[in-house]
Structures are given as structure tokens and as C-alpha cells.
Amino acid sequence: MTSLPWQSIADAVTSRIAGTASGITSQDSDASTMPADEANQKYPKAVSPVDFNGNGVDDYADIVAGARKDAQAKPQYDDGYYQGGYPPDDRGACTDLVWRAFREAGYDLKAMVDADIAADPASYAAVAPNPDPNIDFRRTGVLDVFFAKYGQSLTTDPTDKASWQGGDIVVFNHTKHIGIISDKRDSNGITYVLHNMAQNNRENDYLAFAHHMNVTGHYRFDASKVPQQVLKVWQQ
């Protein structure tokens, strides 16, 4: 979710992909990605030691799969307020792609965020001064705090290629935008991002754009850091 007008962001991304933004041509919207074998050889894939939902797939791979499902479904962009918190399945913002990604791994991210805010409101005071379970988990700033607490903080430099891995969380401008790092890379080794700016292609080479929002957070979720009273299983 972003506090910027979403349509202006979508237009900028669409123009970039089309190669018409300020004369900039797309580096990778139609170009081939780095072959998986080559990518795995150059940048060995991070594998989570946790398989939270017990499906035989590690958490990071599940998170990528869940994010990709949302990206391919292309829900209509909607950052509006919903009683009960969740928007309809065919609607959503950048933050909705994130909780849907974690749902694929078996985590109830909304319940986890709500529990952590209740247990530690001081950490969220700047981004959720008046906690509201109907919207807090759909605020980029809130998720930034949550993942900073319960993830490994990593480089914000996209050119440090090996440090960016599928399933990582990336935050832009602290409260403006959030996405999940893809397991795909462009021909130069820069990871793709799975994210919702209302653009048509929601798995793209955003980190390689000549102009993109500033990366202010890069996290790798670590379930072992989450207190038991905060760790919640998806049951809906």
C-alpha cells in the first residue's frame, strides 16, 4: 500500500515497461531472464530451514509461489478500508500481495501483525499510533517494522546481487511500497520483484529501472525470531 496516488505510480511503471518514460527503454520487460541453472550457479538460492506448513517446500519457495499467484491473478488495485481487514480476492494493493504470499507458506500475517502490535505498541507508534486491525496489516510502514523485528536485515543495494534472494521482502521509501523478491533474475543478475502497483506485469525488473523508488528495507523472514504468542497459523 502506498500513500502516493496509485494511478500515477501505475502510469509510471506502465510507461517504463513500454519503454516510453522519458526516452528510457525497458531493460528487461521483454528480454530473456537469466537461465535458472546459470542463476543458481552464480547466485546459489537461499533455502529456508523452515517448512512451516509441512508441504515439503521451504518457506522462501512457498512465499515466492504465493506472491506469484497474486501477481498472475492481477487483482484490481484497491487500498481501501474493509471491515474485517481483508479485501475481496479480486482486489488488493501491494501489501495484499505480501500477506497472500505468506499465506501460501501457512502464516496468518494479519494475525501475527495484530498480535505483535498488541504486545509491543511502542515499536509501531510512529506508523500505527491508533492501532486498527482492519487496516494495520495493509500498511507498508507497519510491515516494515514487523519484518525489521522478525527478519534478517540485508543490503539495500540491488547490485549486491547474491544478497537478494527469492522470498525476501523489499520496502521502498519506508511507507510507500512493498514487494516480494522473485526467484527470477534479469540477464545482469538483478532480481525481479513481485509487486502490485496496478501495472500489467507484476513480476518485473523494477530494481533495474533507471528510476525507481528508493529501497529502504530488505529483509529475509526468520520464523525462529517470532515469539510463540505472535506466530499464527493460517486457518481461514
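The values are calculated or read from the model by the stated rules, or taken from the named source; none is laboratory data. Every value quoted in this text rests on a predicted model; they were computed, and no experiment measured them. Neighbour counts are summed over all protein chains in view; Cβ atoms, including those assigned to glycine, are modelled from backbone coordinates with ideal geometry.
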Residue list for the stretch 201-220, restricted to those being in a strand (DSSP E or B) and closer than 17 Å to HIS174 by Cα: VAL215, THR216, GLY217, HIS218, TYR219, ARG220
Could you look through the stretch 110-132, keep only residues that are among the aliphatic types (A, V, I, L, M) and in contact (Cβ under 8 Å) with a residue 40 or more places away in the chain, and pick out the one that is nearest to ASP51 (Cα to Cα)? MET112
Checking PRO133, PRO87, PRO129 in turn, the sole residue that is within 28 Å of VAL57 (Cα to Cα) and either of a type outside the set (Phe, Trp, Tyr) or at pLDDT 95 or above (or both) turns out to be PRO87
Name, by its number, the condition in (1) more than 24 Å from LYS232 (Cβ to Cβ); (2) modelled with pLDDT of 95 or more; (3) surrounded by fewer than 16 Cβ atoms within 10 Å (Cβ to Cβ) that does not hold for ALA31. (2)
Restricting the stretch 58-75 to residues that are surrounded by fewer than 18 Cβ atoms within 10 Å (Cβ to Cβ) and either touching a residue at least 40 places away in the same chain (Cβ under 8 Å) or acidic (Asp, Glu) (or both), the one nearest to ASP183 (Cα to Cα) turns out to be GLN72
Among the residues of the stretch 226-234, is there at least one that is in contact with a Gly (Cβ under 7 Å, 6 or more places away or on another chain) and buried (at least 22 other Cβ atoms within 10 Å of the Cβ)? no
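Condition check ((1) under 26 Å from VAL47 (Cβ atoms); (2) in a strand (DSSP E or B); (3) in contact with a strand residue (DSSP E or B) (Cβ under 7 Å, 6 or more places away or on another chain)) across all residues:
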{"site": "MET112", "(1), (2), (3)": "yes, no, no"}
{"site": "GLN152", "(1), (2), (3)": "yes, yes, yes"}
{"site": "THR159", "(1), (2), (3)": "yes, no, no"}
{"site": "SER182", "(1), (2), (3)": "yes, yes, yes"}
{"site": "GLN199", "(1), (2), (3)": "no, no, no"}
Residue pairs meeting the criteria (Cβ under 6 Å; at least 6 apart or on separate chains; first more than 18 Å from GLY92 (Cβ to Cβ), in the stretch 200-215; second modelled with pLDDT under 95 and of a type in the set (Val, Ile, Thr)): ALA210/ILE24
If you scan the stretch 72-113, which residues turn out to be touching a Gly at 6+ places or on another chain (Cβ under 8 Å) and among the small types (Gly, Ala, Ser)? ALA101, ALA105, GLY106
Which of the residues spanning the stretch 80-99 are surrounded by 20 or more Cβ atoms within 10 Å (Cβ to Cβ) and either in contact with a strand residue (DSSP E or B) (Cβ under 6 Å, 6 or more places away or on another chain) or closer than 20 Å to ASP132 by Cβ (or both)? GLY92, ALA93, CYS94, THR95, ASP96, VAL98, TRP99
Take the conditions among the charged types (D, E, K, R), closer than 30 Å to GLY84 by Cβ and either in a loop (DSSP other than H, G, I, E, B) or over 17 Å from the mean Cα position of the chain (by Cα) (or both) and apply them to ASP132. Does it pass? yes
